[in-house]
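Visitor: I am attaching a structure below and will ask some questions about it afterwards.
The values are calculated or read from the model by the stated rules, or taken from the named source; none is laboratory data. Predicted, not measured: the structure shown is a model, and the values here were computed from it. Every residue, glycine among them, receives a Cβ derived from its backbone with ideal geometry; neighbour counts consider all protein chains shown. For accessibility, only protein heavy atoms count, side chains too; no ligands or nucleic acids. Shrake-Rupley method; radii C 1.70, N 1.55, O 1.52, S 1.80 Å.
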Amino acid sequence: MTDIDFYILSAQQPVQRLDFACRLIEKAYRSRCKVYVNFDNEAQAKAFDEQLWSYRDSSFIPHALLGPSTSENKVEENCPVHLGYGDLQPPHFDVMVNLATEIPPTHARYKRLLEVVIQQDAVLAATRDHYRFYKERGYPINNIDMRISD
């Protein structure tokens with residue numbers, strides 16, 4: 001069963017949420033996990049693609065952007081991090097970072113699913129709905145309160 005982690009930040013700005021997601025992805029990548037980052041749409045995925053390239057001068061996170069022209073046959077199996085939206089997701093990945101407002105129907109294929117919560121009304125509403133969804137289905141949920149350390 002998928003383990004669900006909610007990282008609760010005191011941050012209020014979406015860019016802070018994305019910066020924290022970069023940290024999570026880097027940590028998972030360094031632990032040799034394959035990571036899929038889920039977004040609502042192509043514009044969000046492309047913006048995050050740019051953010052990962054410039055995340056930190058001392059860091060490199062190899063990643064690929066999935067899009068409408070990507071087919072199951074073209075998913076780069078050796079790439080440890082994929083960014084995407086919609087139905088096309090890489091097979092056999094360990095971790096999903098869900099930054100979308102919806103939970104993808106394939107969420108259960110991952111060993112771990114990470115949600116990043118900031119103190120912004122739209123994000124709070126979406127992640128509360130996600131929490132309720134996971135809880136009703138019996139998923140093990142961990143709340144990691146980062147408000148103490150951020």
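Visitor: Looking at (1) open to solvent by 40 Å² or more (accessible area, probe 1.4 Å); (2) touching a Cys at 6+ places or on another chain (Cβ under 8 Å); (3) assigned to a helix (DSSP H, G or I); (4) not acidic (D, E), which one does R23 not meet, given that it meets all the others?
Guide: Going through (1) open to solvent by 40 Å² or more (accessible area, probe 1.4 Å); (2) touching a Cys at 6+ places or on another chain (Cβ under 8 Å); (3) assigned to a helix (DSSP H, G or I); (4) not acidic (D, E) one by one, R23 breaks only (2).
Visitor: Go through (1) outside any helix (DSSP H, G or I); (2) charged (D, E, K, R); (3) farther than 23 Å from Y131 by Cβ and name the single condition D49 misses.
Guide: Of (1) outside any helix (DSSP H, G or I); (2) charged (D, E, K, R); (3) farther than 23 Å from Y131 by Cβ, only one is false for D49: (1).
Visitor: May I ask you to list the residues in the stretch 26-45 that are among the charged types (D, E, K, R) and either within 13 Å of L83 (Cβ to Cβ) or not in a helix (DSSP H, G or I) (or both)?
Guide: If we filter the stretch 26-45 for residues that are among the charged types (D, E, K, R), which is where we start, we get 26-27, 30, 32, 34, 40, 42.
Correct list: R32, K34, D40, E42.
Visitor: In addition: Spot the failing condition for T2; the list is (1) touching a strand residue (DSSP E or B) at 6+ places or on another chain (Cβ under 6 Å); (2) open to solvent by 50 Å² or more (accessible area, probe 1.4 Å), and only one is missed.
Guide: Result: T2 fails condition (2) only.
Visitor: Further question: Quickly run through the stretch 87-100 and pick out the residues that are surrounded by 15 or more Cβ atoms within 10 Å (Cβ to Cβ), part of a loop (DSSP other than H, G, I, E, B) and in contact (Cβ under 8 Å) with a residue 40 or more places away in the chain.
Guide: Just the residues of the stretch 87-100 that are surrounded by 15 or more Cβ atoms within 10 Å (Cβ to Cβ), to begin with: 88-90, 93-100.
Checking which are part of a loop (DSSP other than H, G, I, E, B) leaves us with 88-90, 93-94, 99-100.
Q89, P90, F93, D94, L99, A100 - these are the residues of the stretch 87-100 that are surrounded by 15 or more Cβ atoms within 10 Å (Cβ to Cβ), part of a loop (DSSP other than H, G, I, E, B) and in contact (Cβ under 8 Å) with a residue 40 or more places away in the chain.
Visitor: Which of the residues that make up the stretch 1-23 are under 19 Å from P104 (Cβ atoms) and basic (K, R)?
Guide: Pass one, the stretch 1-23, residues under 19 Å from P104 (Cβ atoms): 1-7, 17-18, 21.
R17 - this is the single residue of the stretch 1-23 that is under 19 Å from P104 (Cβ atoms) and basic (K, R).
Visitor: List the residue pairs whose Cβ atoms are under 8 Å apart, where the first residue sits in the stretch 35-63 and is without any contact (Cβ under 8 Å) to a residue 40 or more places away in the chain and more than 23 Å from P105 (Cα to Cα), the second is surrounded by 13 or more Cβ atoms within 10 Å (Cβ to Cβ) and among the β-branched types (V, I, T), and the two are 6 or more positions apart or on different chains.
Guide: Listed by first residue and then by second, the contacts come to L52/I25; L52/I61; L52/V81; Y55/I61; I61/I25; I61/V81; P62/V81.
Visitor: Now, a different point. Could you figure out which of (1) assigned to a strand (DSSP E or B); (2) modelled with pLDDT of 95 or more isn't true of L124?
Guide: Status for L124: all satisfied but (1).
Visitor: Are any residues in the stretch 106-150 open to solvent by 50 Å² or more (accessible area, probe 1.4 Å) and among the polar types (S, T, N, Q), and if so, which ones?
Guide: Residues satisfying the conditions are Q119, Q120, N142, N143, S149.
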